[in-house]
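The values are calculated or read from the model by the stated rules, or taken from the named source; none is laboratory data. Only a predicted model underlies this, so the values are computations on that prediction, with no experimental measurement involved. Here Cβ is always computed from backbone atoms with ideal geometry, including for glycine, and neighbour counts include all displayed protein chains. For the accessible areas, the whole protein counts, side chains as well, though only heavy atoms, and no ligand, DNA or RNA atoms are used. Shrake-Rupley method; radii C 1.70, N 1.55, O 1.52, S 1.80 Å.
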Amino acid sequence: MSVLRAEGLIVPARIGPLTVPALRDLNLALAPGKVLGLVGESGAGKSMVGRAIAQMLPPGFTVSGRGLHFAGQDLLTMPATERRALLGRQIAFIPQEPLSALNPVRTIGSQFGEHLRRVGVADWRAAAVAALQSVHLPDPAGLLDRYPHQLSGGMCQRVLIAMAFASKPALVVADEPTTALDVTIQARIIRVMRELQQLHDTAVLFITHDLRLAAEVCDEIAVLYAGGVVEHGPAEVVLNEPLHPYTKCLLLSAPEIHGPRRGLYTLPEQMPGLRALADIPGCRFAPRCPLARESCRNAPALLVLKDAHRVACPYPGEVPGISAGPALAAPEGQAGAVLVEARDLGKTFRTGTPFRRRAVAAVQGVNFTLHEGEFLGVVGESGSGKSTLARLLMGLERPTSGEIRLAGRDVSRWDGAARRTRLQTAQMVFQDPQSALNPRRRVASIVTQALEAAGLPAATREAKAAEILADLGMPAELGSRFPNQLSGGQRQRVNIGRALCLVPKLLVADEIVSGLDVSVQAQLLALLARLRAEHRFALLLISHDLAVVRYLCERVMVMQRGVVVEQGRTEDVFANPQHPYTKELLAAVPKG
Amino acid sequence: MVKLSRRVFAQGASLASLLASLPAVAAGKDSVTIGWPSDVTGWDPNQRFTPDAQALYKMVFDQPLDQSPSLKLIPNLIKAWTLAPDGMSLALEFRDDVRFHDGSKMTSADFRWTFFERVKSGQKLDIANSFRKLKDIEIISPTKAVMRFDSPAPTVPVWLAFLGSFVVPKDYMEKVGLEGFAAKPIGTGPYKLVEYQMNGRIVLERNEDYWGPKPKLKRVVIEIIKDPSARVAAIQSGSIDLTVGVPVREAERLGKVAGLKGELNPIQRVILLQVRNDQAFADPNVRLAAHHAIDKAALSKAFYGGAAVPLSLPATPGTPGFVDGFKFAYDPAMATKLLAASGFSPAKPVKIGMATTNGQFPNDYDMARAIVAMWKKVGIEAELEVIEYAKYFELNRGNKLPETTLYSFDNATGDPEIYAGYLLNPKLPFSPWKDPVLGEKVIAQFNVADEAKRIAGWRAIGQEAVTMGACMPLLQSVQTLVRKTDLAYSKYGNGWVLGQTMNW
Amino acid sequence: MVLSFARRLAAVGPILLVVSLLLFVALRLLPVDPAAMSMPPTATKVEIEAARSAMGLDRPLVEQYAIWLGQTLHGDFGTSIHMRRPVGGLLLETLPATIELSVAAMIVAGLLGIGGGLALFALRNRRGEAVAELTTTLMMSIPEFLWALLFIFLFGVLLSALPFTGRLDPGMTRPVVSGFLLLDALLVGRPDIYASALRHLLLPAAALGIAFAPPVMRVLRTSLVDVYQEDYIRQARLRGVGEARILLAHALKNAILPTLTLMGVQFGFLFGGSLLVEVIYAYPGMGNLMVDAVRNADLPIIQAVALTYCVVVLAITSAVDALVLLLNPRLRA
C-alpha cells in the first residue's frame, strides 16, 4: 500500500472574485521507502502539496479532490485532531530555512526534548543524543545546551533532520531543504538524509526547483508547471530522456558544469501567475512552448502513458529535437588594456571590545587583473570574502592593506580623485532587486538616476530611459510603473539597466541571478551577453553557482576564507582543478 | 498547563479571608479620626507659622495665653498678666502645676528659653519676628517673670496667644537637640504625640496628667489628606469622623447624608481687596466707585451659600475693631456717578489691573472673576492676573503689584492691630497702600499703650481707610466643616478644631 | 555582555551630572524667591537678604552648583527651606513608600498587560475583538489620576470595600525596619499589618497600573502577531505541537522581549505618575513631598527628589535591559 496517494487533488485559491486552482487534478502515489521528487519553478504549486498534507494552507486556499490518502486514511475527511496527531509522529517536515526554523530563545535540547516527549519517548536525553549522532553532529550532548544562533545553517538543518526522523515517521516532506545552504553543505545534507531514509525505510517527498539535484536524490520525479504535473517518471529517465517540452527546456535553461559548453535555452516571458491561469484555456505551457500548435491552445493536454513514465503532452516524440543555441562566443578582438589591478589586497575587520579584540580577515593577499571587456567570475561559498572584494573595488570599504588600481589610477586611498575615478569607471549591481530599487521611484527615473545626478535635463533623461528599456528588452510603457508592479526578473533587469546607464567600463555584479527561477536566470544571462556585445564593458561576476560562471565568464577566481586559492581560464580551472577546495566545490555540484 | 498546587491555593485563600475579615476603621467611642488638609512642617511649634497647623500644635503644646471660643483672651499657662502703664514691660505669673509629657515641671525658665534664648541663640524660628521689641525676659521665680521691651508693646499678650507661641521644654531640648526634639517632641498639652508619619498620619494619646480639663477622647488620629476630593470621599465613606476645607457645595450635599452634618462656620478671616494709592487708583473717585460697585451679598450667596457675612470694615463682627452700624453701601448708581465725575463710563471704562490667587482659599479665582464682571457694568475694565500667594509679597516689595489684589487675611486673635494695622502698615509687606498720611497714623497706632485708646484708634483708622477708599473689605470667610452627627466639639470663632474639646 | 552592562553603568554618572545641572539652572532661573518664601511674611527686606546670603543664593550660578555638587557627592542633600530639616532624612522616609507603590503598580500593570495582551491576541479576527479594542482604548484615554478618583468613589465610598488613605489602618503602628511596609510586616511577624498594608496598597497600585497596562497589552499583541509569522512557529505546528503550547511555550518567550523593554521605559513614567496618585490617596511617599516642595519653592527638596527619580529610573531601565539580555540568548555575544 502506498504511503501517500493523491487522487485528483485540487487546491482552489480565491483571488478576489475569482477562484483559480493552484493545484489542478494532481495524481501521485508514493510507495514506502521511496523518494519522490516534486520539481518546479516558483509558483508551480509544489509547496502546495506539502501544505495540503499538513492542512496549513494560506487563507483563501482550500483543498478538495477525490482523496489524499496517507497510509490508507483520507487526510481530507479526517477530523482535525486526528490529523494533528499524525503531524510530527507519522508525518514529519523538513523546512527550507533551517536557521529560522528553531525557536531562538530555547536551547536545542529543550525543543528536541519537547518533540520527543510528544512522540512518547521516555528517556528523551539519550534518544536526542543518539539522533544527533546519527546525523554526524560533533559533541551531541553539548549541542543540546546550545542555542540555534550558535550553530551554522548546515548544523541546524541536520538537527531538524534528526528531529524529523526521530519519530520514525512513515512520510517525510522536505520542502527545498538545501536551497539556503552552500553547495558543499548541500551535498552533506543530502547524504545524511539519504542515510536516514534508507535506515528507517521512510518515504520522502522531496520538493525542489533543481532538477539535477532531484535526479541525484530521488527515485521518481514529478515535474510541475502552473499547478499541474507535466511529466512523471523514474528519475534517470526524466533527466536524460525527458518527454515533455517544458522539462527539456528547463534542463536546457540551466547551465552545466560538466559536459561540452553550450548555449542556454531562453523561454520567453514567465510562468503565468494564479490570476493569469484563469484566462488560459488549453495547455498551460502552450504560450511558451516551442512545439505549440493550434490544438494545444484550445484543448487541455492529456496525460499519455509510456510504461511508468507519464507525460502531459501529445507530442513527446518531438521533444528531443529541442535544443539550445550554441555556446557563448568569446568576444572578438584582443583583450583590452588592464582595467583593474589588485595587488596584495586585504581587508581586516576589527570587532569586539577593548578587552577582547577580534580581527576577521575577510580578504587577504588578493592579486588579480581584469582587462577591459573581460568577464571574470569570482566563486566561493559564504564567508569566502567575495562580497567584500566587490565592495573594496567599488570603494564601499577601505582596504587595510594592498592597493587597487582602476584604469591606471590608484584608488586605494579615499580622496576626491579616487572617488571621481571610481564613479566614472565602475558601477555595481546588487543581488536583491527588491531592496535595491527605490519603491517610490518610477522605473524610468530609476534607470536614469545617474543622469539625474549629473544634472541632465528631463527631456534628455526620458529619451535615454526609453533607449535603456528597449536595450533591456522591456516594453517602453514599463517606464512609468513602480518596482513593486514588476516581476522579480524584470526588477533585476532594471537593476542592470540602471548600472549600465552611464556605460561604465566595469560592472560589478554581486549574485545577481541567485534566487531567480532557472528560466528567468537564463533570460538575464542572455541579456548580459547581448549587452556585452553592444557596450563592451568588463564584468566582475560574483556567484556561488559555478555553472553560471562557466557559462558567462572566460576567467574565474576561486576564493576560500578570504584567499584566492585558484584562478585562471574558466575552462582550464573547471576541467582540471588544482586546488583541493576547487575539486571539492566541483564534486559537490549535483550531476543528476 | 499551570497546575495550581494545593498549597498555593490554600495560602491564597487564607490571605483572602484575612483581607476580607478586617474591619474597615476602628471607630470606637473613645477615639476620633480627623481628616486634615495639611501636615505640620515639623514638630518644633515655634519654627514656622502655618495657620492650618496651629490646631494640631494646640493638642500637643500649650500657649502661654489662650483664647476662649468667643476669642476672649484667657489665662492658660500664664495665670495672670499685667501690662505696665507705659507699655514697656509685661509682668507674668505662671501656673505651678504644669508638667511636660516627660514628667518634668514647667517653669518660667522654659518660657524664657522659648521666647528669648532660642531666638537670641540664632535658631531659625518664625517667632523671632513676633516679638521684635522684646529686650529681655527677667526671671523672678519659677513662676514669675517680666518681659521687657524697647518700645511700647501693648499687643504682646495677644501675640502670646497667636501663631507659633507655644512653650517648649528647655532641659529636654538642650539634652536631645533640635533634631531629637523634632523626632520625639514633648509639650505640656492635653495630648501626647504617639506616632507620626510625615504626610501620612498623626496619632495622639491623652495626657493623663494634664493640668487642665482632661479630654474626653483617649485617642485622636489625624489623617493628612491633601486632596479635597479625597477628603470628601473619606468623610462620606465614614473612614474619618470630621474634616474641614471641603468645597461649599460638597459641605451642603454631605450635610444631607444620613449621619453627617455639614457646617459653614464664619471664622476670623477677612476677604478683601488690597489697593494701591497710585496709578489708576490715585483718583479717589475711581477707588470709591470700585468699592460701591461690588455686591457683597451676591458674592456670599454665590460662593458661600450665603453664610459669609459682608464686611464694611477690616474687622469681623464681635472683634474690638468692629463698629456696629458702619456700612459701606452697595450702590452701583453712586459708582457710575463717581466714575462719570472723573470722565469714565461703561463706554469709556477706566483700565486697571487686578491680581488674584487661584486655590489659595476656596473660590478665590471665581470671586475675582465675578468682581471683574460687576465692574464692567459700571465702567471699570479690570485685567485679571493670577499669582501665587507667595508672589504677592515679592511683588509688593518690588512695588509691582497691580492696582488691586484679592486677598484673604487670617487673624485668629481678632485683635484690630493685626487686622487694620497689618493690612495698612506701609512698613509691613501686606499693604500696597503707601500713602504717608494714612501710613503715619497706622504706624503711630502700633505704639499706643493704653488699651482703650488703642482700640478706639483702630476703629477710627478702620473707618477712615474704608471711607477714603484705601481698603475694600468684602466678606468674612467661612470654614467648611463636615462631621458625623454624633460628634460634638467646641466651635471656635477662629476655626480652631481641637481634639480636647470633642466627645461623642 | 558584561561589558555592555559596564558601559551602561559608566554612563550613569555623566547622565546624572547633566540632569542635575539642567535642573539646577532651571530652578534658579524661575521667578520664585526661595529666600523670601523661607521667611514669614513679617520679615523685613534686610532679613530676607540675610537669608538669601545664608542660603548662598547670591553667589554666581557656577559656584552655587559646585558647592551643591560637592555636598551631594558627600551625601549631604542640603536642608529643606520650608521644613528646615535635612533633605536626606526626608528622602529616606519617603522613598521606600514610593518604590513600594511603584513596584506594586508595575506588577498590576504587568499582569494586566500580559493577560490582556494574550486575550487581545486570542481574540484577533474574532467576534469579541472590537469590544476588546474599545476597552483598551478607553483604558488608555483615562489618565491615572482620574482612575484614582474613580476607584475612590467606587470602591471607597460606594462599596466601602477598600481603604483609600494612608498605608495602614489607624489602629496599627507602622513597624520601621526597611521602610518597605510589606517587608517590615513580615519581618516583625505581623500578618495583620501585612494584610492592612496590602489593602491600602490595592487601590493606588491599581489606579497606576491600570493606566499603564494598555500599551503593554498592545505591544504584546503586536509582538505575538509578528512572532506568529516566524518560521519556527510554523515548524512547531508542523511537528504537531498544540496551539496552547505554541502560544505559551514558544511564542510568548519571544514576544515578551519587546514588551519587557517597554515596561522598563514605562516604569519611568509610572514612577513619575505616582506623584498625583500619592496626593489623591494621601500616600506618604516622595510624590507627596515633591508637590509641597514645588508649591513652596523648596529648591533643595526639588533637586534631591528629581535626582532620585532620575537614579531610580536609570536603575530600573538598566535592570530591565539586563533581564532582556538574560532572556534573549541572541544578544549575548
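Brief remarks follow.
- The spacing between the stretch A:370-423 and the stretch A:194-251, judged by their C-alpha centroids, is 42 Å.
- A:GLU82-C:GLU129 FRET efficiency (beta carbon distance; Förster radius 41 Å; 0.05 resolution): 0.85
- Candidates B:GLY306, C:SER223, B:PHE344 compared by Cα position along the dipole of the protein assembly as shown: farthest toward the positive end lies C:SER223, with charges placed on Cβ.
- Stretch gain in nm, segment B:LYS218-B:LYS144, where the contour uses 0.36 nm per residue and the Cα spacing is subtracted: 23.3 nm
- Residue (of C:LEU73, C:ILE48, C:ALA148) at the positive-pole extreme of the stretch C:1-153, dipole from beta-carbon charges: C:ALA148
- Accessible surface for B:TRP113 stands near 20 Å², nearest 10, in the context of the full protein assembly shown (1.4 Å probe).
- When the surface is traced with a 1.4 Å probe over the full set of protein chains, C:TYR228 keeps roughly 40 Å² accessible.
- Its Cα centre serving as origin, chain C has a Cβ charge dipole (Lys and Arg +1, Asp and Glu -1) of approximately 1100 debye.
- The Cα center of the stretch C:105-149 and the Cα center of the stretch A:55-84 differ in position by 38 Å.
- Charge dipole magnitude, Cβ of K and R +1, D and E -1 - chain A, Cα centre, debye nearest 20: 1440
- Out of every Cα-Cα pair that chain A contains, those further apart than 42 angstrom amount to 29 percent.
- Peptide-level mean, for B:227-240, of C-beta atoms on other protein chains within 10 Å: 6
- Accessible area of the protein assembly as shown belonging to carbon and sulfur atoms, whole % at 1.4 Å probe: 58
- Calculated FRET efficiency for the pair B:ASP324/C:THR173, C-beta based, R₀ 51 Å, to 0.05: 0.45
- Principal-axis tilt of helix C:286-295 within chain C, Cα atoms, nearest 10 degrees: 40
- Those residues of the stretch B:44-66 whose amide nitrogen sits under 16 Å from the label point placed on B:SER121, 7 Å along Cα→Cβ: B:44-47
- Protein heavy-atom accessible area occluded, B/C pair - total, 1.4 Å probe, Å²: 4300
- Within-11-Å neighbourhood charge of B:ASP295 [Cβ basis; K, R +1; D, E -1]: +2
- For chain C, the longest principal axis of the alpha carbon atoms and the long axis of helix C:129-141 meet at an angle near 10°.
- A 1.4 Å probe run over the protein chains yields, for chain A, 42 Å² of accessible area per residue, whole-number rounding.
- Summed residue charge, Cβ within 9 Å of C:PRO163's Cβ, Lys/Arg positive, Asp/Glu negative: 0
- Within 10 Å of the Cβ of each residue in B:39-51, the mean number of Cβ atoms contributed by other protein chains is 3.
- Overall, the stretch C:94-287 carries a charge dipole of about 560 debye about its Cα centre when +1 sits on the Cβ of Lys and Arg and -1 on the Cβ of Asp and Glu, all other atoms neutral.
- Listed by number, the DSSP H helices of chain A that run 24 Å or longer by alpha-carbon position along their axis and have mean Kyte hydropathy of at least -1.0 are A:183-200, A:518-535.
- Note: relative contact order over the stretch C:180-333, using C-alpha pairs below 8 Å and six or more positions apart, is 20 percent.
- Bridging of B:LYS218 to lysines at a Cα separation below 28 Å is possible for B:LYS29, B:LYS58, B:LYS72, B:LYS79, B:LYS105, B:LYS170, B:LYS184, B:LYS192, B:LYS226, B:LYS261, B:LYS484, B:LYS491, once same-chain residues fewer than 8 apart are set aside.
- Relative contact order computed over chain C (Cα-Cα under 8 Å; 6+ residues apart), in percent: 26
- Between A:ARG440 and C:ALA322, the modelled label-to-label distance comes to 4.3 nm, taking each label 7 Å out from Cα in the direction of the beta carbon.
- Interatomic Cα distance distribution for the stretch B:266-479, bins of 5 angstrom, percent: 1, 8, 16, 21, 21, 18, 11, 4, 1, 0, 0
- Chain A: relative contact order in percent, alpha carbon pairs under 8 Å with at least 6 residues between: 14
- Euclidean distance of C-alpha centroids, the stretch B:136-174 and the stretch B:231-263, integer Å: 40
- Cα-based helix-to-principal-axis angle, C:61-73 vs chain C, degrees rounded to 10: 60
- Percentage of interatomic Cα-Cα distances in the stretch A:1-88 larger than 17 Å: 49
- Inter-label distance for C:VAL12 and B:MET468, nm, one decimal - labels placed 7 Å from Cα along Cα-to-Cβ: 6.6
- Positive-pole candidate from C:GLY113, C:LEU276, C:PRO175, dipole of the stretch C:94-287, charges at beta carbon: C:GLY113
- The label-point distance for A:ASP344 and A:GLU318, in a model that sets each label 7 Å from Cα toward Cβ, rounds to 6.4 nm.
- With K and R counted +1 and D and E -1, the other residues having a Cβ less than 13 Å from that of A:GLU82 yield a net charge of +2.
- Going by accessible surface with a 1.4 Å probe and the largest first, B:TRP81, C:TRP68 read B:TRP81, C:TRP68.
- Diagonalising the gyration tensor over the Cα atoms of the protein assembly as shown and scaling each eigenvalue by 5 before taking the square root yields semi-axes of 91, 37, 31 Å, largest first.
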